[in-house]
Structures are given as structure tokens and as C-alpha cells.
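Read through the structure below, which is laid out as C-alpha cells, and then see the notes.
What follows is calculated from the coordinates using simple rules that are stated; it is not laboratory data. Fair warning: this is a prediction, and the values are worked out from it, not measured in the lab. Methodologically, a virtual Cβ is constructed for each residue, glycine included, from the backbone with ideal geometry; neighbour enumeration extends over all protein chains shown.
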Amino acid sequence: MDFQISISGFVALYVFMLAGFAGWVIIGRVPAILHTPLMSGSNFVHGIVVVGGIYALLNAITLQEQVIGFFAVLLGAGNAAGGYAVTDRMLAMFKTSEHAPAHRKSGSVKSIHAKK
Amino acid sequence: MLSIIPMLPQLGIGAADLAAAFLFLYGLHRMSSPVTAPSGIFVAGIGMAVAVLASFLYAFGVSQAAQPDLMINIGLVIVALAIGGGTAWWGGRTVAMTAMPQMVAIYNGMGGGAAGAIAAVELFGGKADGMTALIVTLVGALIGAVSLSGSLIAWAKLDGVIKKPLRFKGQQVFNGIILLATLAVGGYLVAATQDKSLLVLAMPASIYLFFACALALGIFMTLPIGGADMPVVISIFNAFTGLAVGLEGFVLQNPALMIAGMVVGAAGMLLTLLMAKAMNRSVSNVVFTNFGEVSKYKQGNIKGSLKPMQAGDAGIAMRYASSVIIVPGYGLAVAQGQGKLYEFVKLLQAGGVSVKFAVHPVAGRMPGQMDVLLAEAGVPYDMIFQLEDINDQFSSTDFALVIGANDVVNPAARSDKTSPIFGMPILNADKAKKVFVVKRGEGKGYAGIVNALFYGENCDMVYGDAQAVLIKMIEAVRGLGLPAVA
């Protein structure tokens with residue numbers, strides 16, 4: 001059995017195409033009220049680049065590679081942590097009014113958030 | 001069965017990345033409604049944590065050459081994660097909500113920089129083998145570097161460090177030359193790797209030159225764009241970073257990076273188009289045209305006059321109305337008046353007045369930022385209505401209260417074909433029976449044009465800082481001593 005991943009040529013293009021389509025469709029449904037959290041949310045998601053940085057730094061041989069790799073991890077971690085912090089902070093603020101018709105479960109937003 | 005043990009780290013990374021990719025998609029999906037959105041970011045956060053923890057398993061698979069430094073490198077990873085993550089987390093927790101666009105710009109630049117740095121490690125180490133891998137690395141490096149330097153300029157502009165757009169003659173040509181130079185150096189790198197005899201400039205020097213050109217391109221691309229257009233620019237760079245991450249993911253053969261990067265790339269592009277549409281501009285118009293400076297436009301004569309009114313009187317008038325629609329703009333946020341506004345709204349509601357908020361798509365410095373600012377003040381989101389949902393209701397409303405907004409309620413966008421904002425969707429506040437405009441002075445909005453709404457028969461101006469005006473309104477209504485109805 002071999003778990004080594006090898007993506008090349010057209011397989012990569014298929015992955016890109018499907019992922020791009022998924023992103024387009026998912027974002028297309030988001031109401032305008034959430035555009036700012038969404039922008040910082042998607043900003044958080046590309047913070048996954050930190051994983052690439054960790055890979056590069058662990059495999060670094062020369063001092064130059066170590067220095068650049070260190071910055072890759074530093075910046076990637078900043079992207080991920082900061083993106084999460086601001087998005088979570090913004091989304092926690094959205095709540096419905098208690099006196100509004102009870103078609104929405106008010107408070108559910110809070111209880112989910114309280115996990116953190 | 002024992003033969004599987006050496007493969008376990010690889011299996012762990014593969015499974016973790018697969019889970020991360022799924023959690024990102026599911027998390028973003030949950031973000032499509034305000035009810036599920038907070039859990040959405042939490043789900044995506046778990047995905048991130050899983051992927052980052054699993055990436056330490058890479059330590060089991062490093063090459064012989066990297067073995068001696070492994071412990072040091074692991075230490076470096078932990079230190080970098082702690083410093084980068086810790087600082088950014090602290091910054092994200094403490095930043096004021098009005099400064100959110102700048103913050104997103106910085107985090108986005110960091111992501112672009114990380115993608116560029118990964119590409120640099122691959123290039124310096126000569127690890128990208130094969131023409132395809134090399135070209136993809138270079139394209140990713142270019143986009144990542146542009147995103148880094150461009151985002152930093154965007155941050156400087158939004159934060160007021162750079163006050164004026166920098167423009168000079170032949171700027172487009174100049175930028176075109178930088179782009180061509182970057183591509184030329186990139187092309188040279190590819191050619192020289194394939195055929196050593198072509199080597200005229202040492203490899204490391206050429207790589208530095210390549211990054212210098214790419215960074216310069218990002219800077220000069222962003223400098224001429226006005227501060228008001230920065231949100232669209234940040235959104236473009238957000239998509240760029242996603243793209244760069246996706247491409248570097250391909251080079252590193254990591255599908256989680258490929259998927260997350262490309263999802264963000266596509267989402268960012270769509271978001272950019274939506275924003276540009278809300279401003280009635282095309283994306284190329286934002287990037288290549290100088291907006292707000294060229295005021296050759298001659299304004300036609302506007303009939304009527306500005307009619308000042310006392311804040312207290314306006315507040316009392318609204319207390320006796322049956323319906324009020326509030327149009328908040330960035331001026332409200334500058335005055336930090338959201339909290340007072342909601343206090344005033346609650347007073348009105350206690351008196352049985354129906355109150356709604358009408359938010360323009362580009363109110364604030366970033367699409368949707370006004371929604372966040374109102375939410376921060378405690379306004380429930382089911383009181384906040386978007387343009388298309390509320391525009392028909394103005395004509396049946398007693399009062400429209402415009403606070404700190406200007407261009408987004410300028411009727412010239414509907415009627416005056418020569419106006420620079422003609423065609424931009426606006427909130428029809430002028431159609432309300434009576435309009436109150438809270439404004440600091442008689443100044444103009446971002447577009448630099450006079451607003452005909454303010455001169456209308458049905459419009460009264462309440463001059464003053466938004467927060468101070470709201471405090472007066474609250475006092476006046478409280479002073480009436482009316483009992484609560486609802």
C-alpha cells in the first residue's frame with residue numbers, strides 16, 4: 001500500500017476546477033450582510049498556506065532556506081490566527097431581536113459560539 | 001502488516017488534509033447564513049488546527065540532507081507559529097471594528113508573503129523539478145509577492161499613512177514595463193534551469209531580482225488607486241493570495257492547499273465582482289481609472305436651499321411618526337455613534353414606531369462593514385435590510401433618517417446622466433415623506449459632488465457630530481416623558 005500523493009497534469013487541473021466551482025457556488029449564496037465576515041473568513045482559509053511553510057522549513061538544509069522558511073511559517077501563522085480572530089469576533093456580534101416574531105431561534109447563535 | 005508502519009506519517013498527513021479540506025468547504029458553506037455563520041468559522045478553525053498539527057508529521061519524511069537540522073527546524077517552526085500566530089491573534093482581538101478593512105489587508109498580505117516565501121525556498125533549493133513545477137512555482141511566487149506588497153500599500157492607504165493616491169504620467173506604461181520585466185526574469189529562470197549554457201546571471205541573484213520586480217509591481221499597481229476603492233482592491237488581493245496558495249500547493253503536492261487556495265481564489269473573484277457591481281463600476285475601471293480626482297464634471301444648478309433643523313426637534317418628530325427608516329453611513333462609524341443610534345431606536349420602538357435600517361452594499365469602507373458595525377452595537381440583524389429589499393418602502397415611510405451617508409442617497413445617480421455616479425444603485429431616501437440628514441457640515445461625499453437630496457423640499461439638515469446629535473435626540477425624546485406603548 002502506498003499513501004504517497006501524486007497529483008500531476010490534468011488531475012491537478014480537475015482539482016482546481018472543482019475547487020474553484022465549489023468556491024464560486026458557496027459564496028454566491030451568501031447574503032450581502034455577511035460580505036465583510038466572508039471576506040475575512042476566506043482570508044482565514046488561505047491561511048492553510050502555513051502548512052506549506054512548515055513543510056518547507058522542516059526540509060530546509062541551508063541557512064538561507066531556514067530563514068525564508070521561518071518567515072513563511074511566521075506569516076502563514078499570522079494569516080491563519082488573525083483571520084480566525086477577526087472573523088470569529090465579527091460573527092459573534094450577529095444576533096436576532098428577541099421581540100421579533102419567533103421564526104428564528106434566537107440565542108442559538110450564542111450557544112454555538114459559547115463552545116470556544 | 002508491519003510494513004505499513006513507515007507509511008503511517010504519510011497516511012496521517014493525507015487523512016488530516018482530507019479532513020481539513022472538507023471542514024473548510026463545510027465551514028464556508030455554513031457561513032452563508034447569519035444563524036449558522038459563527039459555527040461555520042469554528043468548523044473551518046478545527047480544519048486548520050487538524051492540518052497544522054498533522055503537518056508536524058512531515059518531520060518523519062525529511063530527506064537525508066535535512067536530518068541534521070531537523071531538531072532545530074522543528075524548534076523554528078514552533079517559535080514561528082507562536083510569534084506569528086500570537087501577535088496576529090492579539091491584533092485581531094483588539095483592533096477596532098472600524099479598522100477591520102486594514103486588518104484584513106494585513107492578514108491577506110501575510111498569506112501572500114507566506115506563499116511567496118515557500119516559492120523562494122523551492123527556487124533557492126532547486127527543489128522544483130521539471131518545467132511545469134518550475135513555471136507554477138514562479139507564477140505562484142509572482143502572484144503571492146504582488147499580493148504581499150499590494151496589500152501593505154492598501155493597508156497604508158486605509159490607515160491614513162499614505163494620504164493621497166500617487167499618480168504620474170505614463171503610469172500604466174511604467175507598470176506594464178515592470179510586469180514585462182518580471183515575466184522576462186521568470187522566463188530567464190526557466191530557460192537557465194533547462195540549459196545551463198544560457199546562464200549569464202547567477203541563479204540566486206536572478207531569483208532576488210524576480211522577487212524585487214514582483215514586489216515593485218504590487219506597490220506601483222496599488223499606489224494610484226484611491227482610498228475609497230481599496231476594499232475592492234483588498235478583495236482582488238484576497239483572491240490573488242488564494243490563487244498563489246493553490247499553485248504552491250500543487251508544487252508541494254498538497255491537495256489541501258490546492259483546494260483551499262482555489263476555493264478562496266474563486267470566491268474572492270466572485271466577491272470582487274459583487275462589490276464592483278454594487279459600486280456600479282467594472283473591476284478594470286477600479287484598477288485602471290482614477291476615480292474621484294477627475295472632476296471636470298459640471299454640476300447643474302440645484303434648486304432649493306439647505307434647511308437647518310435642531311436635533312431635538314427632529315428627534316421628537318420621529319417619536320410621533322409611525323415608521324422610520326435609518327440610512328447609516330461611514331460618518332456614523334467615524335463618530336462612534338452606533339451605540340447611541342441603537343439607544344435612540346429602542347426609544348422609538350418603545351413608543352410603537354416601526355424602525356428599520358437600510359444598508360447600502362458599499363456603506364462603510366468595505367461591503368458589509370456597516371452590517372458588522374451595527375451588529376457590534378447590538379442591532380439585531382433582522383432589523384437590517386439590504387437595498388433591494390427596502391427601496392420600495394421609502395415612499396410609504398414617514399421619516400428617512402440619513403446619518404453620515406451621502407453618495408449612496410444621491411438621487412443624481414438615478415436622474416443625472418452626466419453625474420459620475422450615474423447608474424449606481426442608491427437608497428431612495430428622497431422618496432420618504434420627510435428626510436432628516438445628520439451631517440457634520442456642508443461638505444461633499446467621496447465622489448466629490450453636491451447631493452440634490454439635501455436641497456429637496458422634504459429634507460431638513462441636522463448639523464453636528466453624529467454621536468452628539470443622537471445624544472440630543474435621545475434627551476429630547478426622554479424629555480417628553482411619554483409612556484412606552486409596546
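The table that follows gives values for the structure above.
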{"quantity": "Kirkwood Rh (inverse of mean 1/r, distinct Cα pairs), the protein assembly as shown, angstrom", "calculated": "25.5"}
{"quantity": "Which of B:I135, B:I325 has the fewest Cβ neighbours within 10 Å, and the rest in rising order", "calculated": "B:I135, B:I325"}
{"quantity": "Cα-based equivalent ellipsoid, chain B: semi-axes from gyration tensor eigenvalues, Å", "calculated": "51, 28, 17"}
{"quantity": "Counting all C-alpha pairs of the stretch B:305-372, share separated by more than 20 Å (%)", "calculated": "36"}
{"quantity": "Helix-derived mean residue ellipticity, 222 nm - over the protein assembly as shown, DSSP H n ≥ 4, -39500 (n - 2.57), to 500", "calculated": "-19000 deg cm²/dmol"}
{"quantity": "Fully extended contour minus Cα-Cα distance, from B:V173 to B:L480, at 0.36 nm per residue", "calculated": "104.0 nm"}
{"quantity": "In the stretch B:322-408, the trypsin sites (Lys or Arg not before Pro) that fall in loop regions by DSSP, at most 11 other Cβ within 10 Å", "calculated": "none"}
{"quantity": "Protection proxy ranking of B:278-284, B:23-29 - average other beta-carbon atoms within 10 Å, highest first", "calculated": "B:23-29, B:278-284"}
{"quantity": "Relative exposure of B:E343, B:E376, B:E248, judged by other C-beta atoms within 10 Å (fewest first)", "calculated": "B:E343, B:E376, B:E248"}
{"quantity": "For B:W155, A:W24, order by how many other beta-carbon atoms lie within 10 Å, fewest first", "calculated": "A:W24, B:W155"}
{"quantity": "Degrees separating the helix B:466-480 axis from the principal Cα axis of chain B, which is the longest one", "calculated": "40"}
{"quantity": "Candidates per trypsin sites (Lys or Arg not before Pro) in the stretch B:145-195, loop by DSSP, up to 13 other Cβ within 10 Å", "calculated": "B:K163, B:R167, B:K169"}
{"quantity": "Distance between the stretch B:19-34 and the stretch B:183-212 - C-alpha centres, whole angstrom", "calculated": "41"}
{"quantity": "Percentage relative contact order, the stretch B:174-295, counting C-alpha pairs under 8 Å, at least six apart", "calculated": "23"}
{"quantity": "Built amide H within the under 5 Å cut-off of B:I326, gap 5+", "calculated": "B:K356, B:F357, B:A358, B:L401"}
{"quantity": "Inter-part distance where the stretch A:37-51 and the stretch B:225-248 are each reduced to a Cα centre, Å", "calculated": "12"}
{"quantity": "Cα gyration tensor, the stretch A:1-81 - rounded (a/c under 1.5), prolate or oblate", "calculated": "oblate"}
{"quantity": "Equivalent ellipsoid semi-axes - Cα gyration tensor, the stretch B:312-451, angstrom", "calculated": "23, 17, 14"}
{"quantity": "Under 13 Å, Cβ to Cβ, from B:A377 - net charge with Lys/Arg +1 and Asp/Glu -1", "calculated": "0"}
{"quantity": "Cα centre as origin, Lys/Arg/Asp/Glu Cβ charges: the stretch B:394-484 dipole, Debye", "calculated": "80"}
{"quantity": "Karplus 3J(HN,Hα) series, Hz, for the stretch B:90-99 with 6.51 cos²θ - 1.76 cosθ + 1.60 (x for Gly, Pro)", "calculated": "4, x, x, 7, 9, 4, 6, 4, 6, 8"}
{"quantity": "Inter-centroid distance (Cα atoms) of the stretch A:52-87 relative to the stretch B:144-182, Å", "calculated": "25"}
{"quantity": "Alpha-carbon spread of the stretch B:25-158, three principal axes, descending order, Å", "calculated": "50, 32, 28"}
{"quantity": "HN-Hα J in Hz across the stretch B:358-369 - Karplus 6.51, -1.76, 1.60, θ = phi - 60°, x for Gly and Pro", "calculated": "10, 10, 6, x, 10, 5, x, 9, 7, x, x, 5"}
{"quantity": "Angle in degrees between helix B:230-251 and the longest Cα principal axis of chain B, rounded to the nearest 10", "calculated": "20"}
